[in-house]
1. Where does helix 7-19 land angle-wise versus the long Cα axis of the chain, in degrees 0 to 90, nearest 10?
2. Probe radius 1.4 Å, ligands and nucleic acids left out: which of Val81, Val22, Val4 has the largest accessible area, and how do the rest follow?
3. Any cysteines in the chain with zero other Cys Cβ atoms under 4.7 Å from their Cβ? List them, or say none.
4. For the chain, what percent of Cα pairs sit more than 23 Å apart?
5. In nm, to one decimal, how far is the Glu52 label point from the Leu14 one, both placed 7 Å along Cα→Cβ?
6. Between Pro89, Pro25, Pro74, find the one with the highest GNM mean-square fluctuation for the chain; connect C-alpha pairs within less than 10 Å.
Amino acid sequence: LAWVSGEPELRLMLQLLTEAAVPLPALLWVGLKRNATACTRNEQPLRGFSWEGAGGGAAPQQVPAELGQWLQEPLRSCLTVRCAGLHLPADPGDGPTWGWKE
């Protein structure tokens, strides 16, 4: 799995999805996961989620604030494993064209 460590990677991923003509709406799991021992952290851009499959700690530890765009806030929990994906709405109107969604 790939992870998004900054705005350039996010823009590239969104461009590739557009070129691939992914049907919208779409919810794509890109490896965001919150383990059962981690709690929801509203003060963090990824809300306590981290990138799965980052063997050896290669995933970025610090996430830029611009990656903290949630279309729907994750459930507050410290007890269960949760995953989040990149949500692309069918018709964003005046709203965001992407965002994380649990």
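1. Roughly 50 degrees, rounded to the nearest 10.
2. Listed by decreasing accessible area, they come as Val81, Val22, Val4.
3. Cys83 - these cysteines have no disulfide-compatible partner (Cβ-Cβ under 4.7 Å) in the chain.
4. Of all Cα-Cα pairs in the chain, 23 percent lie more than 23 Å apart.
5. Taking the two extended label points, one gets 2.4 nm.
6. Taking springs between Cα atoms under 10 Å, the residue moving most is Pro25.
The values are calculated or read from the model by the stated rules, or taken from the named source; none is laboratory data. Small disclaimer: the values here were computed from a predicted structure and weren't measured. All Cβ positions, even for glycine, are placed from backbone atoms using ideal geometry, and neighbour counts span all protein chains on display. The area values use the complete protein model at the heavy-atom level, side chains included, leaving out ligands, DNA and RNA. Shrake-Rupley method; radii C 1.70, N 1.55, O 1.52, S 1.80 Å.
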